[in-house]
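The structure under discussion appears below in the form of structure tokens.
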Amino acid sequence: QVQLVESGGGLVQAGGSLRLSCAASGRTFSSYAMGWFRQSPGKEREFVATISWSGSRTYYADSVKGRFTISRDNAKNTVYLQMNSLKPEDTAVYYCAADLDYGNTRHISVDYWGQGTQVTVSS
């Protein structure tokens, strides 16, 4: 079992930055690939970024590539999402996810979810 708790969301102006954190419980965090998803009102949950268990591989949605950076600190059982040059269309609830399969962290079928943190970008 893995429990995930996101933090760091908030209100920011367009062009600003935020860093989301996701703290994971359990001693096997370093075995899991981690991902970030987001969901806006009336829209389906969508993939944002993923990182392999070692941090050596990352992958991003086209909509955030070059603006967002995913990273992890296995010693702290934490994964981060640095979000720069934020746009109003980035407004959403952001969810952290975990799966033993790196490839599966791009899909809604991941094994574990956090409760989400709200990010609101004003124009």
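The values are calculated or read from the model by the stated rules, or taken from the named source; none is laboratory data. Keep in mind it's a predicted model, so treat the numbers as computed, not measured. Cβ sites come from the backbone with ideal geometry, for glycine too, and all protein chains shown count toward neighbours. For accessibility, only protein heavy atoms count, side chains too; no ligands or nucleic acids. Shrake-Rupley method; radii C 1.70, N 1.55, O 1.52, S 1.80 Å.
Looking at the stretch 11-38 only, could you name the residues that are touching a residue at least 24 places away in the same chain (Cβ under 8 Å) and either basic (K, R) or closer than 15 Å to Q115 by Cα (or both)? Break it down stepwise before answering.
In the first step, residues of the stretch 11-38 are kept if they are touching a residue at least 24 places away in the same chain (Cβ under 8 Å); the result is 11-26, 28-38.
Once the filter is applied, which keeps residues that are touching a residue at least 24 places away in the same chain (Cβ under 8 Å) and either basic (K, R) or closer than 15 Å to Q115 by Cα (or both), the stretch 11-38 yields R19, L20, S21, C22, A23, A24, S25, M34, G35, W36, F37, R38.
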Legend entry - Condition broken by E89, with the remaining ones in (1) more than 26 Å from L11 (Cα to Cα); (2) free of Cβ contacts under 8 Å to residues at least 60 places away in the same chain satisfied: (1)
Legend entry - Qualifying positions in the stretch 30-47 - out of contact with any Leu (no Cβ under 8 Å at 6 or more places or on another chain), modelled with pLDDT of 95 or more and outside any loop (DSSP other than H, G, I, E, B): M34, G35, F37, R38, Q39, E46, F47
Inset, instruction - For residues that are closer than 14 Å to V48 by Cβ, in contact with a Gly (Cβ under 6 Å, 6 or more places away or on another chain) and open to solvent by 10 Å² or more (accessible area, probe 1.4 Å), tally how many sit in the stretch 94-123. - result: 2
Legend entry - Odd one out for T91, checked against (1) surrounded by 15 or more Cβ atoms within 10 Å (Cβ to Cβ); (2) in contact with a Phe, Trp or Tyr (Cβ under 8 Å, 6 or more places away or on another chain): (2)
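For every residue, the table says whether it meets (1) out of contact with any Ser or Thr (no Cβ under 6 Å at 6 or more places or on another chain); (2) in contact (Cβ under 8 Å) with a residue 12 or more places away in the chain; (3) open to solvent by 40 Å² or more (accessible area, probe 1.4 Å); (4) part of a loop (DSSP other than H, G, I, E, B).
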{"residue": "V64", "(1), (2), (3), (4)": "yes, yes, no, yes"}
{"residue": "I70", "(1), (2), (3), (4)": "no, yes, no, no"}
{"residue": "V79", "(1), (2), (3), (4)": "yes, yes, no, no"}
{"residue": "Q82", "(1), (2), (3), (4)": "no, yes, yes, no"}
Legend entry - T50 being part of a strand (DSSP E or B), at negative phi and surrounded by fewer than 20 Cβ atoms within 10 Å (Cβ to Cβ): no
